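Asks: Here you go, one structure.
Every number here is computed from the coordinates shown, using simple stated rules; none is lab data. Only a predicted model underlies this, so the values are computations on that prediction, with no experimental measurement involved. Please note: Cβ atoms are built from the backbone with ideal geometry, for glycine as well, and neighbour counts cover all protein chains shown.
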């Protein structure tokens, strides 16, 4: 069974189409990055998946309809949408008490062990913590829940570099060491790309690119081409081109590796570069999601 | 995967506890006002013997009034606190966490919107009246004991107090008024405020006030009548069930007695009020589901 299965997932806000008949599948054990520009539909898609927003079309998460069964699904699905949404009045110990009281899969000792490492005292109020610490606290709670699916929507937006690194380090060492299923939407692609098993690009409410990381590595190549060989290289139909220092970087999809090797130094493109290449081929964004 | 679940009662009880953590005024307000009342009362103790001696010369109804009045005032003050806290609690209950975006955290947990709304509705309907009841009876007990001690020390018999103020009566009257009337009877008002709190984009209290005021104004202009306003006011004042009994003397504890309490609880007006509360609360549940962070 697919953990997330969407067919024709559709959502409009007035005249604005936020999700345009999206098909999407996330299998058990995959760590999927959902990448898109602001307003591309990432948050709407994730909100539909965790039961925060109504939708049209078919959507099943762990076999259930998230809109009508949010609270039932919340036993198996954890999510962090937005940064620092813990209420300011709550004490760290109260937050743990509450989640321990109502969540069947919460391991309090695990959350406390994680918090001990961060130095966040149990009697502190969330309002007294920095934004980075609030995020760590939220992560401590989420990681102590033995969930089947974790959904993250820009969990580090607006945090400083150090806090972002701490967040992903913790996620990596403590959480992802077991086989997990994660769907993460973020702008900061470079911070997550080494843990992803799949990437999805979303643009104007549509999934425009969906590949496993193995596919990305085997199909896409970036070549640093010297100006002398540029004409030859262009004849091989690059999908994107950008200027470097003393050379031009050309990106190829499924081109012959031996031919490419003759043109210059090769490497696998970063997800960010791939995203930019795919988006530039889709024409200007100014038309926007509004029809 | 095995289907583990926390019992609903346990989830509800943690949800109510959560409300008490967030809104400490639910117990701090009645307790601190009770404390203030006791400070005032202890100052008045200096003149208690002389006042009591003077009251002894009065006729029985006047004597009763003189002795019971401080106890009645304590009940009324704490009832006003109860109402005040309840109104402020309700209008913020489903609005505050949308405003500070913590609704995104609460909704990530396995607590249904129905349970969230019920836990919040239980505060003004049940928890707050019970807390105020305990605070009131405790205050009045302390007053009675301290008063007796002062009278005894000045060589008078405290029985004059005890014959007019019985702890059993005080408990019964306060319980009836606070829990049955301020809690259950007022449920439609609280439920309406919770509905506004779940709906309002901002200032929920004003949004709550707007429709009833609009209905009243339109009715007045269109039909030159005030049936709606009269109906609401009539219900607020107890729908005729809270009118003091014909023989009850003014300014005594009996003034607060529903006449009789049983009649209040089986009255059709209360049934209608509770039905309306249910409609408002279901509306609040629906809105809680649909509305996200502001």
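Asks: Report relative contact order for chain B in percent, whole number only (criteria: Cα-Cα under 8 Å, sequence separation at least 6).
Replies: 27
Asks: I'd like the distance between the alpha-carbon centres of the range A:125-195 and the range B:16-71, rounded to an integer number of Å.
Replies: The range A:125-195 and the range B:16-71 have Cα centres spaced 54 Å from each other.
Asks: Follow-up question, since we're still on this one. Along its three principal axes, how long is the range B:76-150 when you only count alpha carbons? Whole Å, largest extent first please.
Replies: Taking max minus min along each principal axis of the Cα atoms, the range B:76-150 gives 58, 21, 16 Å.
Asks: Working from Cα positions, state the angle (0 to 90°, nearest 10) between the long axis of helix A:161-170 and the longest principal axis of chain A.
Replies: Result, in degrees: 70.
Asks: Which semi-axes, in whole Å and largest first, does the equivalent ellipsoid of chain A have when worked out from the alpha carbon gyration tensor as the square roots of 5 times its eigenvalues?
Replies: Equivalent-ellipsoid dimensions as semi-axes: 38, 23, 17 Å.
Asks: A follow-up question, please. Calculated from DSSP H runs of 4 or more alone, at -39500 (n - 2.57) each and per residue, what is the 222 nm mean residue ellipticity of chain B, nearest 500?
Replies: So the calculated ellipticity at 222 nm is -22500 deg cm²/dmol.
Asks: Quick one: if you stick a label point 7 Å off each Cα along the C-beta vector at residue B:145 and residue A:123, how many nm between them?
Replies: The two pseudo-label positions are separated by 3.0 nm.
Asks: With label points built 7 Å along Cα→Cβ from the Cα atoms of residue A:247 and residue A:218, find their separation and express it in nm.
Replies: 2.6
Asks: Once you keep just the Cα pairs under 8 angstrom separated by 6 or more residues, what percentage relative contact order results for the range A:215-287?
Replies: Value for the range A:215-287: 39 percent.
Asks: Per q in 0.14, 0.22, 0.26, 0.28 Å⁻¹, report the Debye log10 I(q)/I(0) for the range A:215-287, using one uniform scatterer on each alpha carbon and no solvent.
Replies: Taking Cα atoms of the range A:215-287 as identical point scatterers yields -0.40, -0.94, -1.24, -1.39.
Asks: Among B:84, B:175, what is the fewest-to-most ranking by other Cβ atoms within 10 Å?
Replies: B:84, B:175
Asks: Averaged over peptide A:99-110, how many Cβ atoms belonging to another chain are found within 10 Å of each residue's Cβ?
Replies: Per residue, the average neighbour count from other chains is 4.
Asks: Can I ask one more? Let me know the mean shielding of B:92-104 by other chains, meaning the per-residue number of their Cβ atoms within 10 Å of its Cβ.
Replies: Across the residues of B:92-104, the mean count of other-chain Cβ atoms within 10 Å is 3.
Asks: Another question about this same structure. With Rg and the Kirkwood Rh both taken from Cα atoms, where does Rg over Rh land for the range A:49-102?
Replies: Rounded to two decimals, Rg over Rh is 1.06.
Asks: Volume per residue, Å³, of the convex hull around the alpha-carbon atoms of the range B:113-179?
Replies: It comes to 60 Å³ per residue, whole-number rounded.
Asks: What is the distance, in nm, between label points placed 7 Å from the Cα along the Cα-to-Cβ direction at residue B:24 and at residue B:282?
Replies: Each label point is offset 7 Å from its Cα along the Cβ direction, giving 3.9 nm.
Asks: In degrees from 0 to 90, rounded to the nearest 10, what is the angle of the helix A:271-280 Cα long axis to the longest principal axis of chain A?
Replies: On a 0 to 90 degree scale, this one is about 60.
Asks: Given a Förster radius of 51 Å and the C-beta distance between residue B:5 and residue B:209 as r, what FRET efficiency does 1/(1 + (r/R0)^6) yield to the nearest 0.05?
Replies: 0.80
Asks: Okay, moving on. Round to the nearest 0.05 the FRET efficiency obtained for residue A:258 and residue A:38 when R0 = 45 Å and r is the Cβ-Cβ distance.
Replies: Computed FRET efficiency for residue A:258 and residue A:38: 0.65.
Asks: Something else now. What per residue convex hull volume, in Å³, comes out for chain B when only alpha-carbon positions are used?
Replies: 171
Asks: Please list the three semi-axes, largest first and in whole Å, of the ellipsoid equivalent to the range B:149-207, using sqrt of 5 times the eigenvalues of its alpha carbon gyration tensor.
Replies: Rounded to whole Å, the semi-axes are 45, 14, 6.
Asks: While we're here: Quick check on packing: order A:210-221, A:269-280 by the mean number of other C-beta atoms within 10 Å, highest mean leading.
Replies: In descending order of packing, they fall as A:269-280, A:210-221.
Asks: Would you list A:266, A:251 from fewest to most Cβ contacts within 10 Å?
Replies: A:266, A:251
Asks: Expressed in nm to one decimal, what extension gain is obtained for the pair residue B:47 and residue B:63 from 0.36 nm per residue of sequence separation less their Cα-Cα distance?
Replies: This chain segment gains 4.1 nm when fully extended.
Asks: Right, next: Let me know the volume per residue of the alpha-carbon convex hull for the range A:1-156, in Å³.
Replies: Taking the convex hull of the Cα positions in the range A:1-156, it is 126 Å³ per residue.
Asks: Separate question: Once the principal axes of the Cα atoms of the protein assembly as shown are found, what is the range along each, listed largest first in whole angstroms?
Replies: Projected onto the principal axes, the Cα atoms of the protein assembly as shown cover 120, 61, 45 Å.
Asks: Averaged across the residues of B:107-118, what count of C-beta atoms belonging to other chains lies within 10 Å of each residue's C-beta?
Replies: 6
Asks: Oh, and also: In deg cm²/dmol and to the nearest 500, what is the mean residue ellipticity at 222 nm of chain A if only DSSP H runs of at least 4 residues count, each as -39500 (n - 2.57), divided by the residue total?
Replies: -8000 deg cm²/dmol
Asks: Express the C-alpha Rg of the range A:160-205 as a ratio against the empirical globular expectation 2.2 N^0.38 Å, rounded to two decimals.
Replies: 1.25
Asks: In degrees between 0 and 90, to the nearest 10, how far off the longest principal axis of chain B does helix B:204-223 point, with axes built from Cα atoms?
Replies: It is inclined by approximately 90 degrees.
Asks: Would you please classify the overall shape of the range A:167-291 from the alpha carbon gyration tensor, given that a ≥ b ≥ c denote the square roots of the eigenvalues, rounded means a/c under 1.5, and beyond that prolate means a/b larger than b/c while oblate covers the rest?
Replies: It is oblate, given that a/c is not under 1.5 and a/b is not larger than b/c.
Asks: Where does each of B:203, A:245, B:33 land when they are ranked from fewest to most other beta-carbon atoms within 10 angstrom?
Replies: Listed from fewest to most nearby Cβ atoms, that is A:245, B:203, B:33.
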